[in-house]
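To start, the structure itself, in structure tokens.
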Amino acid sequence: MDVVEEHDIQDKPTKKKTKKPKKQPKPQHENGDDSMVEKTDPEHVDAPAEFSFPPTFSVSEIKNKQRRHLMFMKLKQEKRKFEQKMAMKKKKKKERDALGDKAPPKEVPKTIENQRVYDETTVNPEDEEVAFDEGTDEFSAYFNRLTNPKVLITTSDRPRGRTVRFCNQLATVIPDAHVYYRRGLALKRVIPQCVARGFTYLMVINEDRKVPNGMVLCHLPDGPTAHFKVSSVRLRKEMKRRGKDPTEHSPEVILNNFTTRLGHSMGRLFAALFPHDPQFVGRQVATFHNQRDFIFFRFHRYIFKNEKRVGIQELGPRFTLKLRSLQKGTFDSKFGEYEWVLKRHENDVCRRRFNL
Amino acid sequence: MADKSQLCSVWVGSETGILKGVSLSKKQAFNFCEMSCLSRDQEVCVLGWGDPQETEVLVGSVNGTVKTFSTEKGIFTETRQCGESTHGRFTGLAVTDRALITCVETGLLRVWKEGSTDTVEINAGKNVCRMRQNPSQRNQVATGGKENGLKVWDLERPETPIFTSKNVRNDWLDLRVPEWVRDMAFIPDSDKIITCTGHHQVRVYDPASPQRRPVLEAQFGEYPLTALSLPASQDSVVVGNTHGQLAILDLRKGLVRGCLKGLAGGVRGLQCHPSLPLVASCGLDRFLRVHSLEDRTLQHKVYLKSRLNCVLLSSRDLELSSTGVTGDVEEVKEEGGELDEVWDTMEMIKEKAKKRATEEEEAVVEEAEKKTKKKIKVVK
């Protein structure tokens, strides 16, 4: 159940529909962004053309008889398989149409998301105790409109170019964000100074081997600290078909699939990064999509072509996050108390159990 | 309400101020809270038994009130104001012959006598993290905290502690070793006290020996140890740390005997059952877990929507389901092995008790032999 859409988008019902086909996230995220967009159904393309030969190639051009024979057999096999598959499909369709109303329902393929083990911490929207807990937790000041977010973005010591550019791009995405150079300062000393200057969030991007790989997000007055693993960072230059740079308008925020209690805390953590009222004039939207415990961040600009069709352009950086630990209180990795810690061996037991 | 509270064998206090009772045999949790006015300043800091028969639970909250909850009636019967929220949170709660002992973080240990308003006060130093009472000698309490070593006080002589511990020697760099006592326990049948520290050490002190330094020191993990409990069997201790790691340590040599898995958040409360080899743990991940100490497996896991601060186990058998345990039913349970005999005796008992007896029977069957006698579906 998709929970917590930050702002009221009842006037844009179709927006999600056009987004979803693009968003077929791969949890292993080894491939680049190409896989996300181009995972189209290859069925309508000629199945035999699976090898990347130049288009003018044909089997008869191979001079060696044995090899030519082998290639031809392979080609015939694939063609046969393809034909069989099409025939099966046609037959099934015919049977379906013949039965009409009495046809058995379409079989839904099993995916890991379908088979997800029910998590008992899934939040029930009517639960009073959880509502009270959330209403009085560390984010209540933001959700009761008492404070406005102000984010300080910094890195680990001596960041390299990629990380610096990433931080700058993040600062354009998040309104009222300031980037500061770390200068080897201890975070525990930075935090009281941030609180004194009215910051509500401290975001530290950790870098390893010239690439950002971790993020510590600390909610400031006394709030929880989340430590993430960052992967698959794509800067603006590397995005294909991207739009112009984001403007200063506050974006809308979409939080998808944060169902469990921990997921709720995470959702609130992300929501509190952005100002309450989005400026719809800017037509920008930031999405945090949770799938299989990976959180995918995307930043888009949308435009309504007519009542039913929306066009979107991806701007801004994209990255994936995986929560490693959530600590109660401000950053104190040695003596702080952890609300949730990722324990890999315990999570590897069941592939269909997720925490967020 | 009353019947629900009588079923509960584990009591848990949460950060939202709700006292939760859990019945492990029925696998149900109940919330006991006054009205619907919850607030964060009623957050439960400490839980304790009000009397040796375990019919009253004392609940200490952040705003300084100590409420008495009766398990038989299922309601809060009394509220006492024992200090204000400015004094700090409660770090310990104990009862001795009609007097209530409370200790707060600022080190003020008070004995509240029933009836009179004046209190005996002891200053236990600053930053006290925990106060515990000696179960065999009820007028002795131990306190300890951050940079505040273990001190054992006798309430009849409130001026000076009867035992003050000394910090260990300087380490190999000749630097003072910081001390931070997080939790302590009195080892039964001896004078010794065991403490766990925020610097992942477990130390045993012996007031009977001439040395004030620890007799035994053991280390576990890299994170502060927040809770400690002594199981029924001697020579071991269960500790939990802020990362959710629970370990059983052996006290003879100070080695780790094994770890209990499952917790994902910091351990806030830990208690071993007085007779059975079970340990209940609760923490920031909003779950109550009961592990078995012999094979270190998870027996029960209950989701209790708020962060949990403290846990209290009753001494009665946790698998025993209900109230009004009649003599007949107890006999049935004790017989155990011979199931046919048990079935025969069951037919002779009346209707109501029979229902409970069959429940017992089911518990025994499931535990003992896993036969398919579950065709008797008793409406619970």
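The values are calculated or read from the model by the stated rules, or taken from the named source; none is laboratory data. Quick caveat, the model's predicted, so the values are computed rather than measured. For neighbour counting, all protein chains shown are included, and Cβ atoms are generated from backbone atoms with ideal geometry for every residue, glycine included.
Go through the stretch B:248-269 and count every residue that is among the hydrophobic types (A, V, I, L, M, F, W, C) and more than 14 Å from every other protein chain (Cβ to nearest Cβ).
5
Please enumerate the residues belonging to the stretch B:214-231 that are among the hydrophobic types (A, V, I, L, M, F, W, C), away from every other protein chain (no Cβ under 14 Å) and either touching a Pro at 6+ places or on another chain (Cβ under 8 Å) or in a strand (DSSP E or B) (or both).
Matches in the stretch B:214-231: B:Leu216, B:Ala218, B:Leu228, B:Leu230.
Give the residues of the stretch A:125-145 that are part of a loop (DSSP other than H, G, I, E, B) and out of contact with any strand residue (DSSP E or B) (no Cβ under 8 Å at 6 or more places or on another chain), sorted by residue number.
A:Pro125, A:Glu126, A:Asp127, A:Thr136, A:Asp137, A:Asn144, A:Arg145, listed by residue number.
Would you check which residues across the stretch B:106-140 are surrounded by 17 or more Cβ atoms within 10 Å (Cβ to Cβ), more than 29 Å from B:Ser315 (Cα to Cα) and either out of contact with any Gly (no Cβ under 8 Å at 6 or more places or on another chain) or acidic (Asp, Glu) (or both) and list them?
Answer for the stretch B:106-140, where residues must be surrounded by 17 or more Cβ atoms within 10 Å (Cβ to Cβ), more than 29 Å from B:Ser315 (Cα to Cα) and either out of contact with any Gly (no Cβ under 8 Å at 6 or more places or on another chain) or acidic (Asp, Glu) (or both): B:Thr119, B:Ile122.
Pick from the stretch A:326-353 the residues that are buried (at least 22 other Cβ atoms within 10 Å of the Cβ) and under 15 Å from A:Gly263 (Cβ atoms): which of them is farthest from the other protein chains (Cβ to nearest Cβ)?
Checked the stretch A:326-353; the qualifying residue farthest from the other protein chains (Cβ to nearest Cβ) is A:Leu326.
Specify the residue that is farthest from A:Arg261 (Cα to Cα); the eligible residues are those in the stretch A:119-147 that are within 25 Å of the chain's Cα centre (by Cα) and more than 12 Å from chain B (Cβ to nearest Cβ).
Only one residue fits best here, namely A:Tyr142.
If only one of A:Arg298, A:Arg292, A:Arg268, A:Arg242 is basic (Lys, Arg), within 19 Å of the chain's Cα centre (by Cα) and closer than 20 Å to A:Leu202 by Cβ, which one is it?
Going through A:Arg298, A:Arg292, A:Arg268, A:Arg242 in turn, just one is basic (Lys, Arg), within 19 Å of the chain's Cα centre (by Cα) and closer than 20 Å to A:Leu202 by Cβ: A:Arg268.
Taking the residues in the stretch A:138-162 that are free of Cβ contacts under 8 Å to residues at least 60 places away in the same chain and buried (at least 20 other Cβ atoms within 10 Å of the Cβ) as candidates, determine which candidate is farthest from B:Leu38 (Cα to Cα).
Per the criteria, the residue is A:Pro159.
Inside the stretch A:301-332, can you point out the residues that are free of Cβ contacts under 8 Å to residues at least 24 places away in the same chain and closer than 22 Å to A:Ile174 by Cα?
A:Ile303
Among the residues in the stretch B:307-319, are any touching a helix residue (DSSP H, G or I) at 6+ places or on another chain (Cβ under 9 Å) and at pLDDT below 85?
yes
Out of all the residues in the stretch A:59-74, is one or more part of a helix (DSSP H, G or I), at pLDDT below 65 and not polar (S, T, N, Q)?
The answer is no; no qualifying residue exists.
Inspect the stretch B:250-260 for any residue being surrounded by 22 or more Cβ atoms within 10 Å (Cβ to Cβ), in contact (Cβ under 8 Å) with a residue 40 or more places away in the chain and not aromatic (Phe, Trp, Tyr) and give the result as yes or no.
Among the residues of the stretch B:250-260, not one is surrounded by 22 or more Cβ atoms within 10 Å (Cβ to Cβ), in contact (Cβ under 8 Å) with a residue 40 or more places away in the chain and not aromatic (Phe, Trp, Tyr), which makes the answer no.
Out of the residues in the stretch A:233-264 that are of a type in the set (Gly, Ala, Ser) and in contact with a Leu (Cβ under 7 Å, 6 or more places away or on another chain), which is farthest from A:Asn355 (Cα to Cα)?
Among those that are of a type in the set (Gly, Ala, Ser) and in contact with a Leu (Cβ under 7 Å, 6 or more places away or on another chain), it is A:Gly243.
If you take the residues of the stretch B:200-213 that are assigned to a strand (DSSP E or B) and either β-branched (Val, Ile, Thr) or within 21 Å of the chain's Cα centre (by Cα) (or both), which of them is surrounded by the fewest Cβ atoms within 10 Å (Cβ to Cβ)?
That would be B:Val204.
Would you mind finding the one in A:Thr330, A:Thr320, A:Thr259 that is over 19 Å from the mean Cα position of the chain (by Cα) and at pLDDT 90 or above?
Unique residue meeting the criteria: A:Thr330.
Pull up the stretch A:162-176, narrow it to residues that are of a type in the set (A, V, I, L, M), under 15 Å from A:Leu217 (Cβ atoms) and assigned to a helix (DSSP H, G or I), then point me to the one that is farthest from the chain's Cα centre (by Cα).
Selected residue: A:Ala171.
Quick one: in the stretch A:183-209, which of the residues that are part of a loop (DSSP other than H, G, I, E, B) and out of contact with any Ser or Thr (no Cβ under 7 Å at 6 or more places or on another chain) is surrounded by the fewest Cβ atoms within 10 Å (Cβ to Cβ)?
Residue satisfying both the conditions and the ranking: A:Arg209.
Please go through the stretch B:138-166 and give me each residue that is farther than 19 Å from B:Cys196 by Cβ and assigned to a loop (DSSP other than H, G, I, E, B), ordered by number.
Across the stretch B:138-166, the qualifying residues are B:Arg138, B:Asn139, B:Leu155, B:Glu156, B:Arg157, B:Pro158, B:Glu159, B:Thr160, B:Pro161, B:Ile162.
Condition test on B:Gln234, is it away from chain A (no Cβ under 14 Å), over 25 Å from B:Val267 (Cβ atoms) and not in a strand (DSSP E or B)?
No: the conditions fail for B:Gln234.
Would you mind stating whether B:Gly21 is closer than 23 Å to B:Asp183 by Cβ and either hydrophobic (A, V, I, L, M, F, W, C) or not in a helix (DSSP H, G or I) (or both)?
When the stated conditions are applied, B:Gly21 does not pass them.
Report whether or not B:Leu298 is at pLDDT 90 or above and either crowded, with 18+ Cβ neighbours inside 10 Å or not charged (D, E, K, R) (or both).
Yes.
What are the residues in the stretch A:190-242 that are more than 15 Å from A:Val151 (Cα to Cα) and polar (S, T, N, Q), if any?
Of everything in the stretch A:190-242, those that are more than 15 Å from A:Val151 (Cα to Cα) and polar (S, T, N, Q) turn out to be A:Asn206, A:Asn213, A:Ser231, A:Ser232.
Would you confirm whether any residue within the stretch B:31-42 is within 18 Å of the chain's Cα centre (by Cα) and within 14 Å of chain A (Cβ to nearest Cβ)?
Scanning the stretch B:31-42 turns up no residue that is within 18 Å of the chain's Cα centre (by Cα) and within 14 Å of chain A (Cβ to nearest Cβ).
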